[in-house]
Amino acid sequence: SDVWQPIKSTMVNALNRNKVPQTLSILDEVYGNSDIITLQEVSSSFTHLAENGPIGEKFHVIRPKGMDPSRDQNSIILLNRRTFTDLNAMIEITDDVQAAFPAGSKVPVASGDIIAIRVLDRNNVNYVIASFHGDTNGLATIPVLNAIVHYMESSGVSDYRLIFGLDANTYDHPSNPAKKQDVTAFGEQYVNHGLSSCWGDVPQPTNYTTFNARTYLQPQLNKACRSTEKNTCANADINPKDFILFNKQVYEPLSTWKDNTGKQQYIEDMAFPTLDFPSDHGVLSTILKPMS
């Protein structure tokens, strides 16, 4: 119809054709002063455009050696060129982290899901920085966290500063915690490792960073939600999934905020992505102050 086709065209342009340029624009214009950015579910085309555009002028774009060009679910790290001036001493430790999984365990991690590096900043401070995209049920999240900590302890780098940004795929009181990772249990685990998060030691289950529900204007009608029931629909993904973890004895978080508008604002109870914000996860930001 004359009404539907223009609406459809607007949605396709915003959510598909222009998704990568719009995401890069938000990162550049709103978050371009960040020291470290970790991204998940990134495509090869996104990485290429980032490297060869304004983002590449401001940031080193670090991709995993095992990046899967056929999957749009790779994790990458952006390091501000002013903070991290020399990457000659940078070492990728992704394989070492995965080698730290318990022998015989089947951790649901795919190629490109993890990137972890050791790097020095301009003040010769040593870091371990990691970015991770968890499986849909979050069952790899704690094993990956354990593996990073185990690697640091066994490799003599436990005094390095850990910054770990992740889509943990954790859930608000899942009906079966054995099949979906409960967010509270995840919080208990990172605290056991001497870490804290941008949400503190005890993450609030209702501090959501995803809020998406399918309409009936898509082919999988069994996954659709009525607009009047989007907050309670079983098919909706409304969960506290995203975290920034760090050494509790090293950093004090000064402020943390989330964003689902691209304007450093988060509108609660608003489904996204939207025409202005192309991601189905909110952006997390935290300002960390070294304690010494």
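Some observations on this one:
Residue by residue, here is whether (1) modelled with pLDDT under 95; (2) closer than 17 Å to Phe132 by Cα holds:
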site	(1), (2)
Met152	no, yes
Ser155	no, no
Phe164	no, yes
His193	no, no
Asp201	no, no
Gln204	no, no
Thr209	no, yes
Leu217	yes, no
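- Residue, surrounded by the most Cβ atoms within 10 Å (Cβ to Cβ), within segment 69-103, restricted to residues that are assigned to a helix (DSSP H, G or I) and under 19 Å from the mean Cα position of the chain (by Cα): Val97
- Hits in segment 221-236 (condition: over 19 Å from Ser175 (Cα atoms), open to solvent by 80 Å² or more (accessible area, probe 1.4 Å) and not in a helix (DSSP H, G or I)): Arg226
- Within this structure, Lys106 fails the test of being at pLDDT below 95, of a type outside the set (Asp, Glu), in contact with a helix residue (DSSP H, G or I) (Cβ under 9 Å, 6 or more places away or on another chain) and open to solvent by 60 Å² or more (accessible area, probe 1.4 Å).
- Per this entry, Pro240 is not counted among residues that are more than 18 Å from Phe132 (Cα to Cα) and either at pLDDT 95 or above or of a type in the set (D, E, K, R) (or both).
- Considering segment 253-275, and only residues there that are charged (D, E, K, R) and open to solvent by less than 80 Å² (accessible area, probe 1.4 Å), the residue that is farthest from Lys289 (Cα to Cα) turns out to be Asp259.
- Filtered residues of segment 196-216 (kept if touching an Asp or Glu at 6+ places or on another chain (Cβ under 6 Å) and crowded, with 18+ Cβ neighbours inside 10 Å): Thr209, Thr210
- Count of segment 170-195 residues which are surrounded by fewer than 21 Cβ atoms within 10 Å (Cβ to Cβ), closer than 19 Å to Ala140 by Cα and out of contact with any helix residue (DSSP H, G or I) (no Cβ under 6 Å at 6 or more places or on another chain): 15
- Among the residues making up segment 133-169, none is farther than 19 Å from Val250 by Cα and free of Cβ contacts under 8 Å to residues at least 12 places away in the same chain.
- Within segment 137-164, the set of residues being open to solvent by 10 Å² or more (accessible area, probe 1.4 Å) and within 19 Å of the chain's Cα centre (by Cα) comprises Asn137, Leu139, Ile142, Pro143, Asn146, Val149, Arg161, Ile163.
- Gly134 meets all of the listed conditions (1) open to solvent by 50 Å² or more (accessible area, probe 1.4 Å); (2) closer than 24 Å to Asp280 by Cβ; (3) of a type outside the set (A, V, I, L, M) but one, namely (1).
The values are calculated or read from the model by the stated rules, or taken from the named source; none is laboratory data. These numbers come from a predicted model, not from an experiment. Neighbour counts are summed over all protein chains in view; Cβ atoms, including those assigned to glycine, are modelled from backbone coordinates with ideal geometry. Just the protein is used for accessible areas: all its heavy atoms, side chains included, with ligands, DNA and RNA removed. Shrake-Rupley method; radii C 1.70, N 1.55, O 1.52, S 1.80 Å.
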